[in-house]
Amino acid sequence: MQRYFVAPEQIKEGVVTITGEDAHHAVRVMRMKPEDRLIACDGQGCTVLASVVDAAPQEVRAEVLEKLAPDSEPAWRITIAQSLPKGDKMELVIQKGTEIGAAAFLPFESQRMVVQYDGKKEAKRLERWGKIAKEAAEQSHRHCIPAIQPFLTWKGLLKEIGQYDLALFCYEAEGKDAHGIGIADAVRQWKREQGDGASAPRVLLIVGSEGGFTEREAKEASEAGARLIALGRRILRTETAGLVGLACLLYESGEMGGA
């Protein structure tokens, strides 16, 4: 069933109002007509099943039939902090990360970042990324659209680490060492430390750019409170690392049958 994200004020008094590109998509692409059903989410926990009453390319109105439980959102709120990669790799990370279950994405600057960040293009870039996240959230039946946070400097990222219950720093040097700690070890260690308070944490997964991280960055991240982890002994592409780490974290949380 087709799912659309709307602003909270577009679900009121038992009626869902869909406008703009979504209305055009519903009528011209999905060929919706009266009595067809759709799902509408306000991105803040309200998800409803509705039946179309009026369908026009400019506006679709649907009667709310029932509220639905937001059962597709992970209990662990995981943010992928991704050092800005070149080309369209960030778009892939956002699209697939949204499908898997990321709560947010945080682009940041690192020493070996290949691309040159252009602050003048940030607004346009965030708009594009937000659209990708929205479409992926609809496709994967999410109840919330992951937040795309503004670009941070390296120092800004270090300050963010302390705002999370658990911060994991993906560092390839850990993978080369037979004694390097992996995600499962780091999570289980954290769970032992937290006891009963480990049920629904905010997690920051930090991933480097194409060039990886320097020893100094690893040291500074560790000093800021992040745990250095390995994603195996193979070198993963930057657009692969965050997705692998996200899937591992959701498994360890019990989302995919682990824990």
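Residues 110, 51: which one is in a loop (DSSP other than H, G, I, E, B) and not hydrophobic (A, V, I, L, M, F, W, C)? Steps first, answer last, please.
Numbers: 51 fails: in a loop (DSSP other than H, G, I, E, B).
Answer to the selection: 110.
I'm trying to understand the selection: among the residues of segment 123-155, which are assigned to a helix (DSSP H, G or I) and hydrophobic (A, V, I, L, M, F, W, C)?
Within segment 123-155, the subset assigned to a helix (DSSP H, G or I) is 123-139, 154-155.
Once the filter is applied, which keeps residues that are assigned to a helix (DSSP H, G or I) and hydrophobic (A, V, I, L, M, F, W, C), segment 123-155 yields 123, 126, 129, 132, 133, 136, 137, 154.
What pairs can you find where one residue is in segment 98-119 and touching a residue at least 60 places away in the same chain (Cβ under 8 Å), the other is of a type in the set (D, E, K, R) and buried (at least 21 other Cβ atoms within 10 Å of the Cβ), and their Cβ atoms are less than 7 Å apart, with a gap of 6+ or different chains?
As it stands, the answer is 110/217; 111/217, since those pairs meet every condition given.
So is residue 230 surrounded by 19 or more Cβ atoms within 10 Å (Cβ to Cβ), of a type in the set (Gly, Ala, Ser) and modelled with pLDDT of 90 or more or not? I'd like the intermediate steps shown before the answer.
Numbers: surrounded by 19 or more Cβ atoms within 10 Å (Cβ to Cβ): yes; of a type in the set (Gly, Ala, Ser): yes; modelled with pLDDT of 90 or more: yes.
When the stated conditions are applied, residue 230 passes them.
In segment 71-87, what residues are assigned to a loop (DSSP other than H, G, I, E, B) and of a type in the set (Ser, Thr, Tyr)? Explain how you work it out, then say what you get.
Looking only at segment 71-87, we keep the residues that are assigned to a loop (DSSP other than H, G, I, E, B), and these are 71-76, 84-87.
Passing the criteria: only 72.
Name the residue that is surrounded by the most Cβ atoms within 10 Å (Cβ to Cβ), counting only residues in segment 12-35 that are part of a loop (DSSP other than H, G, I, E, B) and basic (Lys, Arg). Explain how you work it out, then say what you get.
To start, the set of residues in segment 12-35 that are part of a loop (DSSP other than H, G, I, E, B) comprises 13-14, 30-35.
Now drop any that are not basic (Lys, Arg), which leaves 31, 33.
Details: 31: 9, 33: 11.
Residue satisfying both the conditions and the ranking: 33.
Is it the case, given these coordinates, that residue 38 is under 15 Å from the mean Cα position of the chain (by Cα), in contact (Cβ under 8 Å) with a residue 24 or more places away in the chain, surrounded by 14 or more Cβ atoms within 10 Å (Cβ to Cβ) and not in a helix (DSSP H, G or I)?
Numbers: under 15 Å from the mean Cα position of the chain (by Cα): no; in contact (Cβ under 8 Å) with a residue 24 or more places away in the chain: yes; surrounded by 14 or more Cβ atoms within 10 Å (Cβ to Cβ): yes; not in a helix (DSSP H, G or I): yes.
Considered against the rule, which asks whether it is under 15 Å from the mean Cα position of the chain (by Cα), in contact (Cβ under 8 Å) with a residue 24 or more places away in the chain, surrounded by 14 or more Cβ atoms within 10 Å (Cβ to Cβ) and not in a helix (DSSP H, G or I), residue 38 comes out as no.
Quick check on this structure: which one of 168, 158, 236, 205 is under 19 Å from residue 105 (Cβ atoms) and assigned to a helix (DSSP H, G or I)? First the steps, then the outcome.
Details: 168 fails: assigned to a helix (DSSP H, G or I); 236 fails: assigned to a helix (DSSP H, G or I); 205 fails: assigned to a helix (DSSP H, G or I).
Result of the check over 168, 158, 236, 205: 158.
Output yes when any residue across segment 55-70 is touching a Gly at 6+ places or on another chain (Cβ under 7 Å), assigned to a loop (DSSP other than H, G, I, E, B) and either in contact (Cβ under 8 Å) with a residue 60 or more places away in the chain or over 30 Å from residue 205 (Cα atoms) (or both), and no when none is.
Restricting attention to segment 55-70, the residues satisfying the condition of being touching a Gly at 6+ places or on another chain (Cβ under 7 Å) are 63-64, 70.
Subset that is assigned to a loop (DSSP other than H, G, I, E, B): 70.
Next, only the ones that are either in contact (Cβ under 8 Å) with a residue 60 or more places away in the chain or over 30 Å from residue 205 (Cα atoms) (or both) stay: 70.
Yes, some residue in segment 55-70 is touching a Gly at 6+ places or on another chain (Cβ under 7 Å), assigned to a loop (DSSP other than H, G, I, E, B) and either in contact (Cβ under 8 Å) with a residue 60 or more places away in the chain or over 30 Å from residue 205 (Cα atoms) (or both).
The values are calculated or read from the model by the stated rules, or taken from the named source; none is laboratory data. If you're wondering where the values come from, they're calculated on a predicted model, not measured in any experiment. Here the Cβ is made from the backbone with ideal geometry for all residues, glycine too, and neighbour counts use every protein chain on show.
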